[in-house]
Amino acid sequence: MPQPADNRLKRREAIIDILSSQTVSKQTEFVDLLKKKGFEATQSSVSRDLRELGISKLAEGYEQIETNTDLETMGIKFTTTASDFIRDIKTAGNNLTIVHTAIGAAQRVAVFLDRSNWPEIAGTVSGDDTIFIATRNKQDQLKLIIHLQATLKDN
């Protein structure tokens, strides 16, 4: 059964806390350590959490590879990040939206969009300062643009 987002968030905070205080070399160790902290966890939930947190297994154990990955990159503060980096939004055809960002920010914003779970987004491709966002149709494209503009206005 899926867990509420708040439980996942707290479990992910606990994973980051565990990594900051000790070396972990197996996912089953994370499961045991999380259970000791009172979190329900399975190997598959830990695997998903590690992937979404940008944590990879290296020779010496698990380590956070994406240096800018924290709870913010999981979409928690997406609106602040979007308004900081998005420079322009325009359309190209009936289902392609182009977002221009600050130089070097496109990949970060694309990750936020991919993890936002906005139903209108079919997928993203990013470069250095440009993101192509595919939608299924013109209606989804309009919803996306409204969603992005509302996000930018909120900040």
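At a glance:
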| item | result |
| --- | --- |
| Length added when fully stretched, R87-R48, from 0.36 nm per residue minus Cα-Cα | 10.9 nm |
| ³J(HN,Hα), Karplus 6.51/-1.76/1.60, whole Hz, each residue of segment 96-102, x for Gly, Pro | 10, 10, 10, 10, 9, 10, 4 |
| Label point distance in nm, Q22-R115, each placed 7 Å from Cα along Cα→Cβ | 2.5 nm |
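Computed from the coordinates by the stated procedures, all read-outs in this text should not be read as laboratory data. Keep in mind it's a predicted model, so treat the numbers as computed, not measured. All Cβ positions, even for glycine, are placed from backbone atoms using ideal geometry, and neighbour counts span all protein chains on display.
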